[in-house]
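The next block holds one structure in the form of structure tokens; read it before the comments.
Since every read-out is calculated from the coordinates, none of them should be taken as a lab result. Here the structure is a predicted model, which is why all the values come from computation and not from measurement. A quick note on method: Cβ atoms are made from the backbone with ideal geometry, for glycine too, and the neighbour counts reach across all protein chains shown.
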Amino acid sequence: MLLLEHLWILLALPLAGAAANGLFGRHWSKRTVDAVAVGASGLAFAAALELWREFAQLTAAELPWVRSYFSWIVAGEFRADFALQVDQLTLVMVLVVTGVSWLIHIYSTGYMAGDAGYARFFAYLNLFLFFMLLLVMAANYPLLFVGWEGVGLSSYLLIGFWFLRKSAADAGKKAFIVNRIGDFGFLLGIFLLYWTFSAADFRSVFAAVRQMPVETEAGVLTAIGLLLLAGAVGKSAQLPLYVWLPDAMEGPTPVSALIHAATMVTAGVYVVARSAVIFVHAPLAQDAVAVIGCLTAVYAATIGLVQTDIKRVLAYSTISQLGYMFLACGVGAFAAGIFHLMTHAFFKALLFLAAGSVIHALGGEQDIRRMGGLRRKIPWTYGTMLVATLAIAGAPLFSGFFSKDAILFAAYASGQQLLWGLGTLGAVLTAFYMFRLIFLVFHGQPRFDEQAVHVHESPRVMTVPLVVLAVLSVVGGWLAAPKLWGGADLLERFLTPVLEAPAWLAAFPAEELHALELRLSGAAVLAAALGFLAAWWLYLQQPEKPAMLAARYAAPYRLLWNKYYVDELYAAAVVRPLLWLSERVLWQKVDVAVIDGAANGAAHTARRLGDQLRRMQSGNARSYAAWVIVGAAIVTAALVWWVQ
Amino acid sequence: MVSPSYYLTLSAILFGLGVIGFLFKRNIITLFMSIELMLNAVNLAFVTFSRQWGELSGQVYVFFVIIVAAAEAAVGLAIILLLARNRQTLNVERINLLKL
Amino acid sequence: MLPAATDYYRLLPEILAAVFGTIVMLLEPFLRREHKAALSWLGMLGAAAALGAAVLVRSDAGPAFFHLIQADPFTFFLRLLIYATALLVMLAARAYLDRENLPHGEFYALVLLGSVGMGVMAAAAELVTVFIGLEISSLSTYILASYRREALRANESALKYFLLGSFATAFFLFGVALVYGATGTARLEQVAEGVASVLLLKLGLALVFIGLAFKVASAPFHVWTPDVYEGAPAPVTALLSTAPKAAAFAVLLRIAGTVLPATLLWFWVLWGSAALTMFVGNLAALVQSNVKRMLAYSSIAHAGYILVALAAGTEAAYAAALYYLAAYALMKLGAFTLVAHLAGRGERRLTLEDYAGLARREPVVAATLSLYLLSLLGLPLTAGFLGKFYVFVAGLRAELLGLVVLAAVNTLLGAYYYLRVILYMYFREPDPTYEHAAREPVPAGTGLVLAATAAGTLLLGIFPGHLMRIAELAAASFR
Amino acid sequence: MVEQFTFYFFAALAVISAVLVVTVRNAVYSAVFLITTLLATAGIFLQLRAEFLFVVQIILYVGGIMVLFVFVVMLVDLDVALRQVQFNRQKWVALLVVLAVAGQLVFALALGSEALGLPAAAPESLEPNTESVGLRLFESYMLPFEIASILLLVAMIGAVLLGKRQKPPRSEA
């Protein structure tokens, strides 16, 4: 029981790797850096497997397994320990995170080879792994928040990794700031939680919530749920805070695969699932989760239809798939959400890594309009990416088929037929834009200069992780395949002790359930086929059609192309007023005009105002004194005559 | 017997004049003099209250205030001298390298 | 009736610091020029002795000097903070003074004597004693601000600080006079008892608040701060932004804690001032390109967060404020010390451009500065996060939801400009035409200060319990 | 009656000279009028039975501090033509704010001792008291008295440090 007693080892491994590479990596050879980074993540994965083995020996009474290492925040009666927790949900997350991250570490040794900041890159990557593990293993909300902020920070560092590109640096900052908005809500949620329950660790909070009645009208649980949701929306890039994720594609592709597809962005889903008890007791908040998830799923898919940057298509696809996970949680099928989280981690990581391989092969090209015909030139990449596409599109018996089916089934069965309809529409769109991608990249005629670009398959270290992930993308679904398909609902049964089973499930008689399941599966297959056929027809049979369509429906096309102008909207509504306030009002008016009347042309703005200001004859120290007097007038007036 | 409020009013007027001087003078030394004027007003208030309460602490406080004023004057005038030497001006409005 | 031995014992830290400060000045003329730097050891010894004495007399709590002084856990906490700050400032200043070719002896003497003043402020239980402590601390910082005598900016900084500081002190003093008039005493414990005139007391407390608000740089009395912090020599800025501020907050806390009318009376003013201070500091910092000045605005914003705790007014809130003061002192000391080092001779390299690509040139330095900035921003696992956390929790407990929300909004605003510095250090290359300073190794003393503050920032972020217990004990002194 | 007369005399003297401190243009005159104000205040101190302070005010304040002022004004003979007072729109605003503060102070303090609830002073309560002030100073207020010496030490260090002759100023970019 070594690891169960010493859960911290799991955290210490990547942290040590990060510290070693961060401090000394610059002086080490590539081989040493590789060994440290891949070793740290590999050992973490091995530790996760060992943890699984040990975990299997625990009895139900011992769960959740919490180990507290030291008391962290103590204030009056408030306590938050540095405590780690393992239960089924944590275990699934830990396995997915360490496993995928190990593969991506291996892949990166090939992809990033020769980069100037090689050691730095791996230091950040290991650091990210540390925080991500902290996030999923924390036994209380404040500690979870530490991991939460930590992954944000490392993602910020990694997005801006190629900082010589201004766009990369800006994207990093955007990601961090947009996330802060969500985090703000999240933190308030934690405060409110603590305020209500005088505790912040999962065990006591959930026990207390279970005692409470279900809130049919908005109450404190609803407020907590909505605030936590705000945080989750930010981190998991849902409407309306999704804007940072597409820009985050400025980071190196392995980063996109690990952080912006497989792990970090799913943290929001994890938090919602972790807080399942709260959401089940606050149906209003839960409905909000479902609606936001469903809208995001369709909305992002529509944007994905017309994007031309290979990574951006995948980014919008990620947003859309995360929407499905939220939808699952929102209709009470938390296990289905986690299931989709897992399969999505496999196939989306694979898609990104394969996309990275394509970009690598074409020497940095990312525009799918300048690709095409790569099928035979990079067969491994093509084969694995095709597998992933089939998985995400929901081709029968691939992993995505089972997980997406489970979600759509849950949506329908819970009585939210509208959400089911939208979800199915999203599935059509998904199949369409994914096959569009495949056809444009790998089929047809090459649209790049074949003389100038020497297309080459990626080295073994990159293709092997692709193959492993492809295998997982195919078989991963069987972990939770329902009985209907000969599976055993393994994952769902595994997770049931932690996650509330949906209430509507009990209402169904078994035979009716199966019939419904079969019908809905059929619908899902039809949806996927429809999307595939449309893409096939438009991009392989009638390659001139898309341009015509775009020309005929110029207005909607432009709307999609410009991503519904949301970035512009935000800039106009939020960023600019703030900058305006700060620059115009505070800086120019207050500081320059009032405080600094006699400024004899120092700053640019001051010079413009100079003439007028000289006439104002206001001096510095004296204007400061004037402010003191203004304050004094207000304070004395307020205290003496107003306050009783 | 003069009512204490007369003394206090006088004190408030002197304090106000000190504030006005601080805000409207340009010569740094006169700015500083205005502060002395304000301190003087404070002393008057202390003495008045001391008399009113029949309690001597107020007078002791004034003694301290005067000591502080002396120390402040020494340091303040040293700073002003230094500045005058370096900048060749005593106009408070020209002391504006630091701003924005 | 003369003071007894216990009276002196309870003031031992201040006495020791004063003695050492005097010895430094006495020895100074007899040392040869090249040996004068050795006085820093004596100065640091003095601060260390004061720290030791503070711990020693901790067990003997009680009033001294006819209730002018109160040696209690609250005083203990602030003595720790003040003398530790003085120690670190002296440690960091040695290399700076050498680099700028400035005299050594006076610096250490002034820092020590100034901290005597701050110690007196923290311990004082009577307003006139507060006033004298305040003046000692102010006068020595005025002088320190113009320590680079031939630098025009330093002169100007000192002049503005001096003029406005004296101006505000006059308000404070008038307030003291009115409080005395209203109650016939200036001893805080008795002030609440014999109120003859409510009106006078209100007016007096209002003016006292103005004077102290000036010293803690809360809006709209903050206007002097950016100029003074920017112009003063960087190690002095490090001192200015920490110890005297802490001492002034100590006085505010002690008055609010002991004088019940003040607690009630000041509430809305504290509320408004906290909100205004946070916004002014953060918004103005957004457009700064001079790092030193940006940090000055940031310290205004941080004063606002502490004021939130003061407005909450509960014991837990006071503990939170004390914790915040300590955390804040660590990060600001570290940040300004680093700025002093990076600015180079004559403090010429202070703009964001000068920080471009720093991570590549000096990765450890850049990482350390990032740590301070992230802590100022309030990222978890740093002292700054817990400071905010405690303050916010205390605020919520006191039902100040609106103010806490405003504070949270402000932490968002803060993220922008702190990150910008990190952005420059990590993600920006300097202009190719930019003339690099010769890379200077971090001097030993500075390095030690950086190591201590960085370790402290992390330690307080991960193991806040111990300090928080001391802070809670301190806050309980007013019961 | 005599008391009233002396009060009005000193008060008028103090206020008029204070106004002149603020309005005259030459710093030397300002200093002289300030001295007059201080002397008038000293007279009021005497009337309020503060003989000790009367002496301190004249010897220390007028004789020490103000002479120092005049000395510095003479020493730094710059900007002689500085026009001192000049009103314009912005200054009216400033004046308004100042009056808002001063007005509150005056209003509050002019209410009278009954309204303020101050105890009525017994005329003899503070009979010749220099000795008692001294006793207070060395007993209950010994601490501030002692630490004031630190204040003076600081001031001394500062004055010497800043006043020392130095290299010609380096111009700063």
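The distance separating the Cα centre of region A:200-240 from that of region B:26-100 comes to 59 Å.
Neighbouring Cβ atoms from other chains, within 10 Å of the Cβ of residues in C:136-148, number 6 on average. Computed from label points 7 Å out along Cα-Cβ, the spacing between A:Gln417 and C:Val195 is 7.0 nm.
Add +1 for every Lys or Arg and -1 for every Asp or Glu among the other residues with Cβ under 14 Å from the Cβ of A:Ala391, and state the total. It would help to have the intermediate numbers written out before the result.
Working: positive: A:Lys348, A:Lys404; negative: A:Asp405.
Once all neighbours under 14 Å are counted, the net charge is +1.
Centroid-to-centroid, using Cα positions, region C:194-258 and region A:257-318 are 49 Å apart. Dividing the alpha-carbon radius of gyration of the protein assembly as shown by the rule-of-thumb value 2.2 N^0.38 Å gives 1.03. On the basis of the beta-carbon distance and an R0 of 56 Å, A:Val471 and C:Arg479 show a calculated FRET efficiency of 0.25. From the residues C:Ala192, C:Ala177, C:Phe162, which one has its Cα farthest along the dipole of region C:108-264 in the positive direction, the dipole being from +1 and -1 charges on Cβ of Lys/Arg and Asp/Glu about the Cα centre? Ranked along the dipole, the leading option is C:Phe162. Here the dipole of region B:4-94 is about 360 debye; that uses its Cα centre as origin and unit charges on the Cβ of Lys and Arg (positive) and Asp and Glu (negative). For the pair region A:104-157 and region C:284-347, the centres of their Cα atoms are 29 angstrom apart. When the charge dipole of the protein assembly as shown is built from unit charges on Cβ atoms (+1 for Lys and Arg, -1 for Asp and Glu) and taken about the Cα centre, the candidate among A:Phe186, A:Pro254, A:Ala626 whose Cα reaches farthest toward its positive end is A:Pro254.
Under the simplified labelling scheme, the D:Glu51-A:Trp478 pair shows an inter-label distance of 11.2 nm, with each label point 7 Å from Cα along Cα→Cβ.
Mind checking region A:362-443 for trypsin sites (Lys or Arg not before Pro) that DSSP puts in a loop (not H, G, I, E or B) and that have at most 12 other Cβ atoms within 10 Å? Present the calculation step by step, with values, prior to reporting the outcome.
Working: sites: A:Arg369, A:Arg370, A:Arg375, A:Arg376, A:Lys377, A:Lys404, A:Arg436; in loops: A:Arg375, A:Arg376, A:Lys377.
Counting only loop positions with at most 12 other Cβ atoms within 10 Å, the trypsin sites (Lys or Arg not before Pro) in region A:362-443 are A:Arg376.
Would you work out if region C:13-95 is rounded, prolate or oblate? Take a ≥ b ≥ c from the square roots of the eigenvalues of the alpha-carbon gyration tensor; rounded if a/c is under 1.5, else prolate when a/b is larger than b/c, oblate otherwise. Prolate, because a/c is 1.5 or more and a/b exceeds b/c.
Might you report the magnitude of the Cβ-based charge dipole of the protein assembly as shown about its Cα centre, with Lys and Arg at +1 and Asp and Glu at -1, to the nearest 20 debye?
Details: 92 positive and 81 negative charges, 731 e Å.
Its charge dipole is roughly 3500 debye.
The GluC sites (Glu not before Pro) of region C:142-195 that DSSP puts in a loop, and whose beta carbon has at most 12 other beta carbons within 10 Å, are C:Glu193.
Maximal additional length on extending the D:Phe107-D:Val32 stretch stands at 24.0 nm, based on 0.36 nm per residue less the C-alpha distance.
In peptide D:65-75, what is the residue-averaged number of other protein chain Cβ atoms found within 10 Å of each Cβ? Present the calculation step by step, with values, prior to reporting the outcome.
Working: counts 10, 3, 0, 5, 8, 1, 1, 10, 7, 0, 3.
Per residue, the average neighbour count from other chains is 4.
In terms of the mean number of neighbouring beta-carbon atoms within 10 Å, the peptides B:62-74, C:418-430, C:123-135, C:401-413 order highest first as C:123-135, B:62-74, C:418-430, C:401-413.
Estimated translational diffusion coefficient (Stokes-Einstein, Kirkwood radius over Cα pairs, 20 °C, 1.002 mPa s) of chain B: 141 µm² per second.
Within 10 Å of the Cβ of each residue in C:188-200, the mean number of Cβ atoms contributed by other protein chains is 3. Take C:292-300, D:35-43, C:442-450 and order them by the average number of nearby Cβ atoms within 10 Å per residue, most first; the result is C:292-300, D:35-43, C:442-450.
Using the structure shown, select from A:Lys235/C:Lys388; C:Lys160/D:Lys91; A:Lys377/A:Lys404; C:Lys292/D:Lys91 the pairs with a Cα to Cα distance greater than 29 angstrom. Please list the in-between numbers first.
Values: A:Lys235/C:Lys388 22 Å; C:Lys160/D:Lys91 20 Å; A:Lys377/A:Lys404 32 Å; C:Lys292/D:Lys91 32 Å.
The answer is A:Lys377/A:Lys404; C:Lys292/D:Lys91.
Charges at C-beta only: +1 for Lys and Arg, -1 for Asp and Glu. How large is the resulting dipole of chain C about its Cα centre, in Debye rounded to 20? If you can, show how the numbers build up before the last one.
On the way: 32 positive and 28 negative charges, 88 e Å.
That gives chain C a dipole magnitude of about 420 debye.
Taken along the Cα-to-beta-carbon direction at a fixed 7 Å, the label points for D:Leu68 and C:Arg361 span 4.5 nm.
If you take the beta carbon distance between A:Val214 and A:Gln445 as r and set R0 to 56 Å, what does 1/(1 + (r/R0)^6) give as a FRET efficiency, to the nearest 0.05? Please list the in-between numbers first.
Values: r = 60 Å, r/R0 = 1.07.
Rounded to the nearest 0.05, the efficiency is 0.40.
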